[in-house]
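J.: My structure is below; once you've seen it, I'll send some questions.
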Amino acid sequence: MLFGMSRRLAVPILVISVACVAMIAAIAADGKGATMESFAQSLSQGVDSRLKGKQASDNTRNIFSKKDHAAKKYTRNPNLWCADLVPQLTGCAVWKPPLEYVGERYGGVMITPRHILFCQHAHPAWDGGWMKVQPQVIRFVTADSKVVDMEMIANAEVQAYDLSVGLLNEAVPAGIHVMPLMPTMTEAQKTRLRELKVPDLSISQAGMRPPANLKHEAVAYPGPIGIPLEGARKPWDYDIYQGDSGTPRFFVTPAGLALYQLTGAGAVENSVVKKLIEACDASAIQRGVLKKATGLEPVVVKVEIPEK
């Protein structure tokens, strides 16, 4: 009973409410008749609907409930606030050896079946030469907590965009998701989404948080960078730390998660990423670890972004 409202009346209202949300999502997905306000509402709904009824805590933010890097044992957290999206988060790297050099820091996310995207100033080959650790393992964990270790055999970077792409020795298996990118947006579109305070789904890596060097776990949290959360989102506010460079940020679109930014690097543009992939393949061929270019490109999520 809703404050004296009859059950007969309450049920149709609930149905209408759900239908309205579905209508907003449908409009945003096909772009017909959509405005930036309705598009922003559909993206916000992807986060807010998952936060609803949950309390911000370690129990709802931590990506893993148990983990042991040395033993290669991980248990994904079933109470994660966005647990239904975990199959799409499996393309986020969870660990890179050695612990004192990289470990869980500096992210990494799959953008083709063989290419992984990092922040240029903080990734396994950031020293400007080839990797200090050979072979360079990139570890992923499937939705059902199985470990998948891959090897990175080449990389290419561009300082102007603070991005780096790595090439894996083979394609990731089916249980590891390849993340699509957001369509390229104009500066006006990006500005409008920020003005409308659209939240994203962001990953913060585990590590020692300064200045007190307190240990914290890898978490999933609603962002975005530099915009304080308000209202029902406020308890979920989370500060990034120095090991978060390169960690991925996604919009929750009606078509699924879409990568749009790396913490510490900025926007992820399809045209730039495609050039990096080509440069990475060329480097691998030159080093003798790849016979011919992979011909792989990122997938762009199928959503239409209104002009205004």
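J.: If a residue has to be closer than 17 Å to GLY91 by Cα and touching a Ser or Thr at 6+ places or on another chain (Cβ under 9 Å) to count, how many in segment 253-271 make the cut?
T.: Matching residues across segment 253-271 total 3.
A quick yes/no check of all residues on (1) among the hydrophobic types (A, V, I, L, M, F, W, C); (2) out of contact with any helix residue (DSSP H, G or I) (no Cβ under 9 Å at 6 or more places or on another chain); (3) at pLDDT 95 or above:
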position: LEU181; (1), (2), (3): yes, no, yes
position: ARG233; (1), (2), (3): no, no, no
position: GLN242; (1), (2), (3): no, yes, no
position: GLY246; (1), (2), (3): no, yes, no
position: LYS274; (1), (2), (3): no, yes, yes
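J.: Looking at segment 266-298 only, could you name the residues that are of a type in the set (A, V, I, L, M, F, W, C), touching a strand residue (DSSP E or B) at 6+ places or on another chain (Cβ under 6 Å) and either buried (at least 22 other Cβ atoms within 10 Å of the Cβ) or assigned to a helix (DSSP H, G or I) (or both)?
T.: Answer for segment 266-298, where residues must be of a type in the set (A, V, I, L, M, F, W, C), touching a strand residue (DSSP E or B) at 6+ places or on another chain (Cβ under 6 Å) and either buried (at least 22 other Cβ atoms within 10 Å of the Cβ) or assigned to a helix (DSSP H, G or I) (or both): VAL268, LEU276, ILE277, ALA279, CYS280, ALA284.
J.: Could you tell me whether segment 207-223 includes any residue that is modelled with pLDDT under 95, in a loop (DSSP other than H, G, I, E, B) and in contact with a Pro (Cβ under 7 Å, 6 or more places away or on another chain)?
T.: Looking through segment 207-223, at least one residue is modelled with pLDDT under 95, in a loop (DSSP other than H, G, I, E, B) and in contact with a Pro (Cβ under 7 Å, 6 or more places away or on another chain).
J.: Quick check on this structure: which one of GLY243, GLY264, GLY231 is within 26 Å of VAL301 (Cα to Cα) and of a type outside the set (A, V, I, L, M, F, W, C)?
T.: After applying the criteria, what remains is GLY264.
J.: What number of residues within segment 230-265 satisfy the criterion of being part of a helix (DSSP H, G or I) and in contact with a Gly (Cβ under 6 Å, 6 or more places away or on another chain)?
T.: Qualifying residue count, segment 230-265: 1.
J.: Among the residues of segment 149-168 satisfying the criterion of being part of a strand (DSSP E or B) and within 18 Å of the chain's Cα centre (by Cα), which is nearest to THR263 (Cα to Cα)?
T.: LEU163
J.: What is the one condition in (1) hydrophobic (A, V, I, L, M, F, W, C); (2) over 22 Å from THR60 (Cβ atoms); (3) at pLDDT below 85 that ILE227 does not satisfy?
T.: (2)
J.: Answer with yes or no whether LEU43 is crowded, with 21+ Cβ neighbours inside 10 Å, modelled with pLDDT of 95 or more and not in a loop (DSSP other than H, G, I, E, B). So that I can check it myself, show each step before the final result.
T.: Numbers: crowded, with 21+ Cβ neighbours inside 10 Å: yes; modelled with pLDDT of 95 or more: yes; not in a loop (DSSP other than H, G, I, E, B): yes.
Here the answer is yes, as LEU43 does meet what is asked.
J.: Suppose we keep only residues that are of a type in the set (A, V, I, L, M, F, W, C), crowded, with 21+ Cβ neighbours inside 10 Å and not in a helix (DSSP H, G or I) within segment 54-95. Which one would you say is nearest to the chain's Cα centre (by Cα)?
T.: So, considering only residues that are of a type in the set (A, V, I, L, M, F, W, C), crowded, with 21+ Cβ neighbours inside 10 Å and not in a helix (DSSP H, G or I), the one nearest to the chain's Cα centre (by Cα) is CYS92.
J.: Is it the case, given these coordinates, that ILE227 is in a loop (DSSP other than H, G, I, E, B), in contact with a Lys or Arg (Cβ under 7 Å, 6 or more places away or on another chain) and of a type in the set (A, V, I, L, M)?
T.: yes
J.: Output yes when any residue across segment 201-221 is surrounded by 14 or more Cβ atoms within 10 Å (Cβ to Cβ) and more than 25 Å from PHE140 (Cα to Cα), and no when none is.
T.: No, there is no match, as no residue in segment 201-221 is surrounded by 14 or more Cβ atoms within 10 Å (Cβ to Cβ) and more than 25 Å from PHE140 (Cα to Cα).
The values are calculated or read from the model by the stated rules, or taken from the named source; none is laboratory data. Predicted model only: the values in this text are computed from it and were never measured. Neighbour counts are summed over all protein chains in view; Cβ atoms, including those assigned to glycine, are modelled from backbone coordinates with ideal geometry.
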